[in-house]
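Worksheet for the structure shown next.
The values are calculated or read from the model by the stated rules, or taken from the named source; none is laboratory data. The model shown is predicted, which means the values in this text are computed figures rather than measured ones. Here the Cβ positions follow ideal geometry from the backbone for every residue, glycine too, while neighbour counts run over all protein chains shown. When the accessible area is computed, the model is the full protein with side chains, heavy atoms only, and any ligands, DNA or RNA have been set aside. Shrake-Rupley method; radii C 1.70, N 1.55, O 1.52, S 1.80 Å.
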Amino acid sequence: GILRRGAPPRPGVRVAAAAPGEQKHVLRVREKESGTNVLLVGTMHYNPSSVKKVDKIVRSSNLSSVVVELCPGRMAALERFQPRGSTLRWLLDNEMQAAKDAAVDTKVPSVILGDSSDDEVKNRMSLVVNQTVKDLLSPTHGWKSIARDLFTVTPQLIGKRGKKLGISDLFDVDLLLGTPVSFARNLLTIFMRLPIPTTVLLMVIVALQHANDVAASVLPGVQQALPEGTGGPPLLLSSDFLGTLSTDLLIAAFAAYMLTALVLVRASVVVLLLERDAILANSIRECCKRADSSQTVVAILGMAHCNGVAKLLKDGETHKKLAKRILETE
C-alpha cells in the first residue's frame, strides 16, 4: 500500500540488486547500519526518459520497497489532479506517479512517500532566509557560514564520473531529447497550480517591457518639444543626466539583485537540497532497518539529490547531525 513518510515496509522478497552498469543515472550503495542494498535512481522531473527508466526499473526488479521523493500531501494532490488514465496524466506524466503505479502493478510490498511536507519546506525557507540576512550583516561569522553551505553542496552537484552522478550525466542523449518536454511540463504544472500569481507575473513582465519601449520612443520627442532655456525640465531630461541616473539605478538594481539571489540560493541549497537529502536518506534508512541484507530498497529521486543521499547512507550521518552542521539557527 501507499504508506506515509517513515512508515516501515512489510516483509519483502529477497532480491539481487542490479549491477551498476545496467542502468544510467543509477547509484548503487550499501546502507552503513543495516548493510542493505539501495538503488538511487536519478531523474529529471517530468522528463519522458526518466519516466520510462523508472517504470522499467520498478517493473523488472523484484523489490522490497520503493521510496519516492514526494510527501503524502503532494502525492494525494497529484492523484486528485491527474489520476491514472486521465488526459492530464498523459499530458503531465511524471516519474513519481509512474514509480507508484509500477510498484502497485507488480505488488511491491510498500511505497514510502519519503520527502518533507510543503509546510515544513516553507517554514524552513522562511527561517533560513531570515538567518541569511543576519549572516550578511556579520562579515566574521556569517559570511563564513554562507560560504560553508555553498561549498558543501558544490561537490555533490558536480560529482565524479563512475562514483557519483555528475554534470556529464545531464548530457545523456535520451535525457536531452526529453528536456524540452520536461521544461514545458514544469511550466504548465506551475501555471495550473498557481494560475493567478503566474498570470500576474506574466502581465507585470509584459507591462514593464511595454513601458520601456514607450519611454524609449516618447522621451526624445518630449525633450525636443520643451522650450529651450527653461532650466528645469530640459536639464532633468538631458542625456547626461539620464545617462548618469540610469547608470546609478543599474548599479543599485544589480547590487539588490545579487544580494537577493545570494539569499535565495543559500536558502535553496540548505532547505531544498541538503536538508531534504537528509530527510530522504532517513526515510530510506528506516526501510533498510526492517529489511535483511539480501533485500533491495529503490529510491526515486531528482538527480540533484542522489550524491548527497548516497553519502549520507554510506556515512550513516543522521538528519539531526546534518542540520546542525549546515546551519545553526538558534
Exactly one of 174, 240, 248 is open to solvent by 60 Å² or more (accessible area, probe 1.4 Å), acidic (Asp, Glu) and modelled with pLDDT of 80 or more, and that one is 174
So, residue 34, is that one in contact with a Leu (Cβ under 9 Å, 6 or more places away or on another chain), over 18 Å from residue 277 (Cα atoms) and either in contact (Cβ under 8 Å) with a residue 24 or more places away in the chain or not polar (S, T, N, Q) (or both) or not? no
Picked from the stretch 285-309 (must be among the small types (Gly, Ala, Ser) and surrounded by fewer than 24 Cβ atoms within 10 Å (Cβ to Cβ)), the residue modelled with the lowest pLDDT is 293
So, first residue hydroxyl-bearing (Ser, Thr, Tyr) in the stretch 199-212, second residue modelled with pLDDT of 75 or more, Cβ within less than 9 Å, six or more apart or across chains; the pairs are 199/191
Going through the stretch 125-154 in order, the residues found to be open to solvent by 60 Å² or more (accessible area, probe 1.4 Å) and in contact (Cβ under 8 Å) with a residue 24 or more places away in the chain are 127, 133, 148
Does residue 193 count as modelled with pLDDT of 75 or more and in contact with a Phe, Trp or Tyr (Cβ under 7 Å, 6 or more places away or on another chain)?
no
